[in-house]
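Okay, so here's the structure we're looking at.
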Amino acid sequence: MLKKIIFILVLSFISYNSGFAQIKDVELGAAYKSLYQRQGGFYDYSDPEAVNMKVSVWGFIKYPGRYLVPIYTNLIDLLSYAGGPTGNSHLDDLRLYRVLPDSTQQMFKFNFEDLLWEDKIEIKNRTVPKLIAKDILIVPGSPKLYFKDWFNISLRIFVAVVNLTLLVIRVTR
């Protein structure tokens with residue numbers, strides 16, 4: 001009986017201390033405010049010795065959101081900061097939206113498919129405008145269903161049909 005009590009006391013002491021260790025790590029390592037900013041889709045890659053700008057990246061990328069980046073950041077760097085494109089993205093139709101000072105909108109389209117999938121770069125003279133503040137990069141795409149997804153859908157339909165058949169048989173008896 002004494003061994004059980006000692007075991008429970010040691011276990012509760014360990015769990016009690018591990019709970020406070022997490023809080024101390026957060027307090028020492030980062031402020032609560034920066035934790036909440038990261039959860040909201042704001043990513044800070046700013047350079048303290050350079051002019052920084054805010055741009056947005058949306059679509060089929062790993063971390064969509066708003067980015068604070070140095071002014072010398074190019075389009076490939078921005079895609080890298082965003083975690084890169086997902087497997088469902090269409091890199092042949094990247095779009096950069098820009099609102100000009102006279103409130104008109106401008107859109108640039110790019111094809112970066114050869115950078116990821118081809119053995120050599122197909123487009124020799126690729127003109128990519130320099131990023132400016134408030135630019136929005138859109139990475140379009142479409143969800144792809146793999147074998148496991150098709151199997152899962154088929155299995156659900158099969159189970160629903162079997163259950164419906166069993167229900168009809170039970171009701172008619």
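The values are calculated or read from the model by the stated rules, or taken from the named source; none is laboratory data. Note that the structure is a prediction, hence the values are computed from the model and not measured. Note that we place each Cβ from the backbone using ideal geometry, even for glycine, and neighbour counts take in every protein chain shown.
Key figures for this structure:
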quantity: Pairs with Cβ under 7 Å, 6+ apart, first in region 44-68 and assigned by TED's automatic domain parsing to the domain that holds D93, second among the acidic types (D, E); calculated: V55/D135; L68/D44
quantity: Lone qualifier among S103, S80 - being of a type in the set (S, T, N, Q), under 16 Å from the mean Cα position of the chain (by Cα) and in the same structural domain as K134 (by TED's automatic domain parsing); calculated: S80
quantity: Subset of region 127-155 (residues that are modelled with pLDDT under 85 and either among the polar types (S, T, N, Q) or more than 21 Å from K54 (Cα to Cα) (or both)); calculated: T127, P143, K144, L145, Y146
quantity: Helices (runs of 4 or more DSSP H) within region 1-115 that include 2 or more residues at pLDDT below 85; calculated: 2-29, 32-39
